Every structure is written in structure tokens, then in C-alpha cells.
Amino acid sequence: MIKVRVKRDKGGNPLSVEIKGHALFAPRGRDIVCAAVSALAQTTLYALEDLVGIKPSVHMAEGYLLIAAPPLMMDREQKEKYCLLMETMLLGLKETAKAYPEHLSFKTFISREIMI
């Protein structure tokens with residue numbers, strides 16, 4: 001099962017998204033749940049870098065991805081775009097989890113941290 005864990009600040013802004021595990025919906029290369037999760041996450045990373053000009057903190061390994069707010073201050077416009085893109089990805093992940101609950105779980109946690 002793929003587990004998605006979202007950490008939000010007190011204001012509801014996404015601080016980080018951790019995605020780990022494998023869907024095991026179908027054999028490797030044919031797993032539509034894995035493909036959906038990968039496409040959503042990778043497209044969001046590309047958009048943050050190429051369209052918004054910010055580089056989030058990213059840690060990637062086999063079956064693992066952590067995306068976190070950039071360590072440097074964002075201006076107001078960058079923060080709004082960061083949040084919009086992250087929320088779009090999270091909406092896609094949440095809806096995929098609803099469609100395939102045996103293969104994808106989605107949980108949100110509130111942190112004491114504040115978005116930069």
C-alpha cells in the first residue's frame with residue numbers, strides 16, 4: 001500500500017507531503033495506482049521549479065518521496081503558487097485514495113510549525 005502523509009501548519013498550509021510504499025495493484029509497469037501517484041507528484045515538482053521558480057526540499061528513494069516547503073523564504077506570490085500546486089496534487093492523491101482505498105491511504109497531520 002502507498003501511504004500519503006500530509007503535514008500542515010496551523011493555518012492549513014501544506015508544509016510537507018511524504019509518499020511511501022508500493023500500491024501492489026498490478027505487476028510493475030502496469031500498476032495504474034502507482035502511475036497516478038507518480039504522475040501527480042512529479043508534475044507538481046516540475047511545476048514548482050519550472051513555473052514558479054522555487055525548489056522545494058525533496059528526498060527521493062525507491063518507494064519513497066518527501067516534498068517539503070523550500071528552506072528559504074518565499075515571497076507572497078510564490079507562497080500562493082506553492083500552496084495552489086501542492087493542494088492540486090493533494091486533491092488528486094485524495095481522490096485516487098478514495099477510488100483505490102486498498103492500495104492508497106491518505107492522512108493529514110497538523111504541525112506546530114508555521115509556513116515560511
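At-a-glance table
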{"quantity": "Helix axis angle, 76-99 relative to the chain longest principal axis, alpha carbon, degrees", "calculated": "20 degrees"}
{"quantity": "Burial order of peptide ranges 104-113, 57-66 (average beta-carbon count within 10 Å, highest first)", "calculated": "104-113, 57-66"}
{"quantity": "Cross-link table 81/107; 10/79; 55/79; 3/107; 7/79; 7/107, entries beyond 18 Å C-alpha to C-alpha", "calculated": "81/107"}
{"quantity": "Per-residue Cβ neighbour rank within 10 angstrom, fewest leading, 5, 76", "calculated": "76, 5"}
{"quantity": "Rounded tilt (10° steps) of 32-47 against the dominant C-alpha axis of the chain", "calculated": "20 degrees"}
{"quantity": "Whole-number percent relative contact order across region 1-114, with pairs defined as alpha carbons under 8 Å at least 6 apart", "calculated": "40 percent"}
{"quantity": "Which labelled figure in (1) 14, 47, 30, 8, 0; (2) 15, 52, 31, 2; (3) 13, 38, 28, 15, 6, 0 is P(r) over Cα pairs in 10 Å bins from 0, in percent, once derived from the coordinates", "calculated": "(1)"}
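A short reminder: the numbers here are calculations on the coordinates, not readings from a lab. This one's a predicted model, so the numbers in the text were calculated from it and none came from an experiment. Note: ideal-geometry Cβ built from the backbone for every residue, glycine included; neighbour counts use all protein chains shown.
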